[in-house]
Structures are given as C-alpha cells and as structure tokens.
Amino acid sequence: MHFPWLTYIKERFPLPVYLLLTTGMAWQGQLALSQDSNWTARVVGPFMMLLFFFCLRLMDEVKDYKKDISAHPERPLPRGLVKLSTAKKVIGLCLAAQSILGLVLLSLGLYYAGYFWLLTTAWLYLMYVEFYCGAWLEQRPFFYATTHQLIIIPLVLSAAHLVGDRDSRTAIWSGVMILGAFFTYEIARKLDPKAHELLRTYRTVYGRRGSLGLMLITSAVAIAGVLLKTGFSLTASWPYILVVVLTWIGCARFGEEKPKIAEGLASVSLLVHIWGPVLTVLFSSSGATP
C-alpha cells in the first residue's frame with residue numbers, strides 16, 4: 001500500500017530530527033521563564049513547533065517547485081509523489097489549525113502564548129506570500145533570509161509562555177541565541193560553489209568573502225544572545241562562543257572544498273545552542289538558569 005505523505009515525511013520532514021529540534025527550542029524557552037514541572041507545556045510546546053516547521057517545510061516545497069523541477073527533480077513534489085494542489089490545501093489546513101490553536105490559548109488565559117503564536121502564524125503566512133514583494137526579495141538573499149529567520153523569536157516566545165504570562169526577557173535572549181545559530185546554519189549549508197545556478201546560494205550571490213562576512217554577522221548575533229542570556233558570564237558562555245568561532249573557522253576552511261563538513265559544523269553549533277541551556281538546567285544540582 002502506497003502512502004505518499006509518509007514517504008514525504010520520511011524524505012523531507014524526518015521526525016526524529018525535527019523532534020530533537022522542536023523539543024529543545026520549546027524547553028529552552030520554557031526553562032528560561034520557569035523551572036517548575038509543567039508537563040502539559042513540555043508536551044504542547046514541541047507539538048506547536050512541529051506543526052509550525054511542517055507547514056514551513058511544505059511552504060518552501062511549494063515556493064521552490066519550479067526551481068526544483070530543474071535543480072532537484074528527485075524531491076517529492078517535482079516527481080509527482082505529492083501534487084502541488086494538494087500541498088497548497090494542506091498548507092491552508094495547517095494555517096487554520098495554527099490560528100485555532102492560538103484562539104484556544106487565549107481562551108485558556110495564556111495570553112502571551114496566544115498572542116505570540118498568532119503573530120507567528122500571521123508572519124508565517126506573510127513568508128508564504130513573500131511579503132507581497134517576492135521578486136524584490138529574490139534579488140536580495142540575505143535580506144530575504146532575515147525576514148524569514150526573525151520569526152524564530154516569536155516562535156520561541158509562544159512556546160515559552162505556555163508556562164504562564166511572565167517577563168519575556170530571559171526567553172527573548174534564548175530566541176536571539178537560537179536565531180543567530182539558525183541563521184549561521186542557513187548560510188553554512190549554501191556555500192557550495194557548484195550548486196545549481198537557479199538556487200542562488202549565498203556563495204553564488206555574495207562570493208566567498210561576502211558569504212563569510214554575513215556569517216560573521218550571524219555568529220555575532222548568536223554570541224550576543226548567549227552573553228545576554230548568561231548575564232555576560234564568561235564562565236557560562238565560553239562553550240557557546242567557542243563552538244561559534246570554530247564553526248566560522250571551519251566554514252572558512254571547508255565551505256567550498258567540502259561543503260558538507262561546513263554544514264555539519266553549523267548543525268553541531270545549532271544543537272549546542274538549542275540543547276546546551278536545557279541540559280545545563282536539567283542536570284544542574286543548583287538548578288540555576290544557564
């Protein structure tokens with residue numbers, strides 16, 4: 001029996017990877033606001049993010065459909081495994097489900113979580129329609145990526161505030177450090193000089209120096225988030241700073257010759273920034289916020 005969507009999920013939305021990603025992001029924000037046991041929040045937060053990332057993944061598939069016909073004909077939509085029209089309908093259902101979930105959160109008195117989630121949903125829709133200026137954004141990949149990466153902050157805050165309406169600042173710094181690490185990964189995976197010209201990678205548009213310069217900016221964002229989150233404690237922040245620096249050096253060294261190594265280093269950095277603070281809290285005998 002053939003199940004197209006199961007094949008799609010296996011190929012384009014591997015659940016173990018996304019569960020690792022979404023659980024860490026949700027828990028880090030929640031632990032930044034409260035270390036009390038709240039298993040409802042611990043379960044609902046990753047689910048919310050899983051829904052978000054599935055919708056985002058599918059949106060990217062639809063938006064890149066014409067390019068993928070030439071650049072990635074093996075992917076599910078170009079090869080006809082999932083019809084383009086069906087994918088668009090599923091996106092509509094996902095956005096509707098997210099909107100309903102936001103209203104449910106508001107009705108439960110989780111106002112910050114509800115408002116940030118509805119903001120995330122509206123922002124996600126604007127990303128889908130390319131903010132109604134897709135052709136202009138297409139010519140400016142870094143600005144395009146910035147408009148799409150900043151959504152991480154309200155996304156983290158929406159899951160974080162499932163523990164209640166509290167001062168958002170500590171969770172914001174979690175969002176900033178994850179944003180910087182995510183953005184660095186976004187650039188690192190697009191440094192291959194042999195990539196198809198239709199993909200308009202950072203390497204193609206900005207060149208080697210320009211791409212590494214942009215990565216320096218995103219790395220600085222990650223470091224700033226770490227410092228703000230740790231109260232400028234070098235003792236707590238040095239492992240994160242070290243992994244950011246090593247990632248940049250690795251991308252400068254291997255980005256063109258061995259792009260998969262550069263992408264792998266950025267992936268490790270991303271996981272460290274997502275799960276490092278979570279594990280610090282969970283295994284700290286003092287229970288101090290990282």
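Quick notes on this structure:
- TRP173 vs. criteria open to solvent by 60 Å² or more (accessible area, probe 1.4 Å), within 27 Å of LEU118 (Cβ to Cβ), without any contact (Cβ under 8 Å) to a residue 24 or more places away in the chain and in a helix (DSSP H, G or I): no
- Only one entry of LEU150, LEU95, LEU119 meets the criterion of being open to solvent by less than 60 Å² (accessible area, probe 1.4 Å) and either at pLDDT 95 or above or over 30 Å from VAL272 (Cβ atoms) (or both), and that entry is LEU95.
- Members of segment 1-25 that are under 20 Å from ALA113 (Cβ atoms) and in contact with a Ser or Thr (Cβ under 9 Å, 6 or more places away or on another chain): MET25
- Of all the residues in segment 231-290, those that are in contact with a Pro (Cβ under 8 Å, 6 or more places away or on another chain) and surrounded by fewer than 16 Cβ atoms within 10 Å (Cβ to Cβ) number 1.
- Here VAL129 does not qualify as modelled with pLDDT of 95 or more and within 23 Å of CYS251 (Cα to Cα).
- Among the residues of segment 7-44, those identified as within 15 Å of LEU110 (Cβ to Cβ), in a helix (DSSP H, G or I) and among the small types (Gly, Ala, Ser) are ALA26, GLY29, ALA41.
- Selection within segment 153-167 - more than 16 Å from VAL104 (Cα to Cα), in contact with a helix residue (DSSP H, G or I) (Cβ under 6 Å, 6 or more places away or on another chain) and open to solvent by 20 Å² or more (accessible area, probe 1.4 Å): ILE153, ARG166
- Some residue of segment 194-202 being in contact with a helix residue (DSSP H, G or I) (Cβ under 9 Å, 6 or more places away or on another chain), at pLDDT 95 or above and open to solvent by less than 60 Å² (accessible area, probe 1.4 Å): no
- Residues of segment 12-32 that are among the β-branched types (Val, Ile, Thr) and open to solvent by 50 Å² or more (accessible area, probe 1.4 Å): VAL17 alone.
- For segment 33-45, the criterion of being open to solvent by 30 Å² or more (accessible area, probe 1.4 Å), at positive phi and more than 22 Å from the chain's Cα centre (by Cα) is met by no residue.
- In segment 46-92, the qualifying residues are those that are in contact with a Pro (Cβ under 8 Å, 6 or more places away or on another chain) and surrounded by 14 or more Cβ atoms within 10 Å (Cβ to Cβ), and the one that is nearest to TRP275 (Cα to Cα) is GLU61.
The values are calculated or read from the model by the stated rules, or taken from the named source; none is laboratory data. None of these values were measured; they are calculated from a predicted model. Neighbour counts run over all protein chains shown; Cβ positions are idealised from the backbone, glycine included. Side chains included, ligands, DNA and RNA excluded: accessible areas come from the protein's heavy atoms. Shrake-Rupley method; radii C 1.70, N 1.55, O 1.52, S 1.80 Å.
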